[in-house]
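Quick notes on the structure that follows.
Please treat every number below as a calculation from the coordinates, not as lab data. These figures come from a predicted structure and were not determined experimentally. Heads up, the Cβs are rebuilt from the backbone with ideal geometry, glycines too, and the neighbour counts pull from every protein chain shown.
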Amino acid sequence: MGINRVLPALFCLLIPILAAPSTIKEVSYNATYDDLPQSLGIEPISVYDKLKYQGFNVITPGPQSQPVIVTPSQPNVLAADLAAQLTTGGGALFTSNYTGSTVKYFDLESFAIACVIQTNTPIPAPSACRVQVTGVNAATGVTFVQDIDYNPGLTPPAHYLTVNFPVSFRGVNSVTLTILEATTLPTTTAIGLDNVVYRAYVSS
C-alpha cells in the first residue's frame, strides 16, 4: 500500500477522536449535609455534591435545639456568620467555579434558610433578618439578586423558610448570601442553610 493511501486511512480513523465533543450530564441534588460527620462545635465545609463552599461551616444543632428552631433535615445544617464570611471578602457562597470542577453551571431551585443570634450556648435563638442572594450567570457574568425576609414568629418553635428561586437563577456558577438587616446587629447574626436543591450540569 502506498503512502498516498495510508495517510487518508489514518486521517479517517482520527476524525472521530478529534471531533468527539464532551458530553454534559444533568444531575439533580438535594444537599442536606446530614452524611457529614456531626460537629459539636463548628467544622468548615469545602466541596460537597459537586459545589465548593466558602464562608460556611457545618454544625449539628442537636435535639435540644428543636423546641426552639426546627431544622428541615437532621442532624446537620450549614451556618455562615460574619467571621466565616470575611474569608470570602463579603458574603458566604457556593460555586461550581473551582480548580478540578466538572460542573459547567447549575440551576438553583430552592433552599431552606433561617437566621439565628450567635451565642455561646448550644441552643440558637432565632432572629428576624433580611438576606440578599446573588447569582452569577456562568455564560454572561450577569448577576441576579433576590432579597429574602425571614421572620421566625413569636411562638416557638421557629421553622426554616423554604425559598423557591426564579428562572434567573438557572445557569449560574456562583451564589452568594449576605445579611443585609437583622433584629440584632448583622455581626452577631448567623445564616442557617439546609436542603439546597439544584440541578448540576456535569461534563464528562
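Couple of notes before you dig in:
- Other residues within the sphere of radius under 15 Å centred on the Cβ of ILE191, judged by their own Cβ, net out at -4 (K and R +1, D and E -1).
- Listed values for the range 153-163 are Karplus-derived 3J(HN,Hα) couplings in whole Hz (6.51 cos²θ - 1.76 cosθ + 1.60, θ = phi - 60°), namely x, 9, 9, x, x, 7, 10, 5, 9, 8, 10, and x replaces Gly and Pro.
- Difference of contour (0.36 nm per residue) and Cα-Cα distance, LEU154 to GLN38: 38.8 nm
- Cα-based reach from LYS104 at 16 Å (exclusive), listing aspartates and glutamates while leaving out same-chain residues under 8 positions away: GLU26, ASP49
- Furthest towards positive pole of dipole, THR99, ILE148, ALA114, structure part the range 93-204, Cβ charges: THR99
- Shape category assigned to the range 143-204 from the gyration tensor of Cα positions, a/c cut at 1.5: prolate
- Couplings for the range 128-136, taken from phi via the Karplus curve 6.51 cos²θ - 1.76 cosθ + 1.60 with θ = phi - 60°, read 5, 7, 10, 10, 9, 10, 10, x, 10 Hz in order; Gly and Pro are left as x.
- Report note on the peptides 108-117, 145-154: ranked by the mean count of other C-beta atoms within 10 Å, highest first, their order is 108-117, 145-154.
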